[in-house]
Structures are given as structure tokens and as C-alpha cells.
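Let me begin by presenting the structure, written as C-alpha cells, before commenting on it.
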Amino acid sequence: MEETFLAEVKRQAKQAVEELLAQANLSKGDILVVGCSSSEVTGERIGTSSSLETAEAVFEGIYEVTVKNGLYLAAQCCEHLNRAIIIEKELAGRERIPAVNVVPRPKAGGSFGTTAYGRFARPVAVEHIKAQAGMDIGDTLIGMHLDEVAVPVRIETKKIGEAHLVCARTRGKFIGGERAVYNKEML
């Protein structure tokens with residue numbers, strides 16, 4: 001992979017996560033879930049051209065910012081592992097999420113999940129998580145791992161490499177309020 005491409009991908013990933021965090025109103029200890037198709041980042045179809053070098057560049061750009069902001073990064077694996085999540089064991093313990101026994105690889109878990117597993121201090125795989133914000137790089141479908149209620153976040157960065165980028169944050173449910181309509185028979 002060309003060094004200038006990888007440097008640009010890292011820069012775009014860092015910029016995107018900084019833009020998301022500027023709007024997401026996260027607190028220390030919150031979780032950012034990221035799904036990343038390295039194939040899509042390089043301009044190929046999802047699942048066809050996994051690239052560890054590309055995933056590492058994206059990971060480095062994002063992880064640097066999450067660590068600096070006291071956030072946990074949750075890396076979504078691909079559909080071959082049912083979109084399992086790679087997180088730090090400390091987070092799994094805090095959230096009381098049982099670990100599952102799998103080690104991701106580029107063609108079974110994806111390069112981004114593989115990278116996270118290799119870079120985290122004490123990585124574990126879990127089946128589900130409820131994150132407070134997310135980045136979907138290359139249409140990887142992270143929605144199942146976002147807390148309720150997901151709200152799209154529009155940022156300036158629209159792509160990382162060639163991959164489409166969608167960001168979200170979550171908020172508490174609105175119950176009642178001035179726009180609510182009530183069934184008068186149930187009052």
C-alpha cells in the first residue's frame with residue numbers, strides 16, 4: 001500500500017473522529033463503536049480485498065483520539081463473526097458483558113477487528129455492546145451496537161479513503177413533552 005495513501009487515510013480517520021466528538025457530547029468512559037471495511041477504504045467492494053495496512057492506518061487515527069479523550073473504542077468485526085465486537089477486557093467487566101471465544105483474522109472478522117485485537121492491552125470479543133456514538137466506515141452496519149436512540153451526526157468528512165462514512169451519537173428517549181399526543185381514554 002502506498003505510504004501517502006495510508007497517511008491520508010489516517011489523517012481522514014483522525015479528523016472524522018474529532019469532528020464527531022465535537023458534536024456527540026460524550027463523557028469520559030463512554031464507548032465509540034467503529035465498523036470499518038478496509039476493502040471499501042481502498043475502493044473495493046466490502047469483503048473482497050481486506051487490507052491490514054489500511055485498517056491499521058484507520059485504527060491509529062481513531063484510537064489516538066479516543067485514548068486522549070478517555071473513551072473506549074469498540075471495533076466491530078465483519079459478518080463472518082456475526083459482527084462481534086472487540087473491546088478491552090476492562091470494559092467487558094465494567095459492563096458485565098460475557099466474552100466469547102474467537103480471535104479475528106482478516107478474512108474472518110476483518111482487518112479492523114484484527115488490528116484492534118492486536119493493539120488493545122487485553123482484548124476480548126463480545127457479541128453485543130451499547131455504544132454512545134459510532135462511525136460506520138464503508139457501510140458495515142453498526143446500528144445493532146448503538147444505544148437507543150441513535151441520531152445521525154453530520155460532519156465535514158464524508159469519506160475515509162474511498163469508503164462512505166456515516167456517524168451517529170445516541171440520546172435518551174423523549175417521553176412526553178409539547179409534541180406528545182395522549183389517548184384521552186387512558187388519562
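So here's what we get for this one:
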quantity: The one condition in (1) under 21 Å from Ala133 (Cα atoms); (2) of a type outside the set (Phe, Trp, Tyr); (3) free of Cβ contacts under 8 Å to residues at least 12 places away in the same chain that Glu90 fails to fulfil; calculated: (3)
quantity: In the stretch 94-123, the residues that are modelled with pLDDT of 95 or more, of a type in the set (A, V, I, L, M, F, W, C), closer than 22 Å to Thr54 by Cα and not in a loop (DSSP other than H, G, I, E, B); calculated: Phe112, Ala116
quantity: Residues (aliphatic (A, V, I, L, M) and either touching a strand residue (DSSP E or B) at 6+ places or on another chain (Cβ under 6 Å) or in a helix (DSSP H, G or I) (or both)) located in the stretch 178-187; calculated: Met186
quantity: Test: residue in the stretch 32-49 that is surrounded by fewer than 19 Cβ atoms within 10 Å (Cβ to Cβ) and modelled with pLDDT of 95 or more; calculated: no
quantity: Residue list for the stretch 133-151, filter: surrounded by 22 or more Cβ atoms within 10 Å (Cβ to Cβ) and either of a type in the set (Phe, Trp, Tyr) or assigned to a loop (DSSP other than H, G, I, E, B) (or both); calculated: Gly138, Thr140, Ile142
quantity: Failed criterion for Arg105 (all others in (1) closer than 19 Å to Val126 by Cβ; (2) touching a residue at least 12 places away in the same chain (Cβ under 8 Å) hold); calculated: (2)
quantity: Exclusive hit being without any contact (Cβ under 8 Å) to a residue 24 or more places away in the chain and on the phi < 0 side of the Ramachandran plot, set Gly118, Gly134, Gly113; calculated: Gly118
quantity: Residue pairs meeting the criteria (Cβ under 6 Å; at least 6 apart or on separate chains; first under 17 Å from Ala22 (Cβ atoms) and touching a residue at least 40 places away in the same chain (Cβ under 8 Å), in the stretch 146-173; second of a type in the set (Lys, Arg) and outside any loop (DSSP other than H, G, I, E, B)); calculated: Val153/Arg169; Leu165/Lys159
quantity: Hits in the stretch 1-39 (condition: assigned to a helix (DSSP H, G or I), in contact (Cβ under 8 Å) with a residue 40 or more places away in the chain and within 30 Å of Ile97 (Cα to Cα)); calculated: Ala13, Lys14, Ala16, Val17, Glu18, Glu19, Leu20, Leu21, Gln23, Ala24, Ser38, Ser39
quantity: From Ile175, Ile129, residue being within 20 Å of Val67 (Cα to Cα), of a type in the set (Val, Ile, Thr) and either in a loop (DSSP other than H, G, I, E, B) or out of contact with any Gly (no Cβ under 7 Å at 6 or more places or on another chain) (or both); calculated: Ile129
quantity: Looking only at the stretch 106-132, and only at residues there that are in contact with a Lys or Arg (Cβ under 8 Å, 6 or more places away or on another chain) and surrounded by 20 or more Cβ atoms within 10 Å (Cβ to Cβ), the one that is farthest from Ala75 (Cα to Cα); calculated: Gln132
quantity: Conditions (1) within 11 Å of the chain's Cα centre (by Cα); (2) assigned to a loop (DSSP other than H, G, I, E, B); (3) of a type in the set (Val, Ile, Thr): number failed by Val166; calculated: (2)
quantity: Conditions (1) part of a loop (DSSP other than H, G, I, E, B); (2) touching a Phe, Trp or Tyr at 6+ places or on another chain (Cβ under 9 Å); number of the one not met by Thr54; calculated: (1)
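The values are calculated or read from the model by the stated rules, or taken from the named source; none is laboratory data. This is a predicted model, so every value here is computed, not measured. Because the Cβ atoms are built from the backbone with ideal geometry, glycine has one as well, and the counts that use them run over all protein chains shown.
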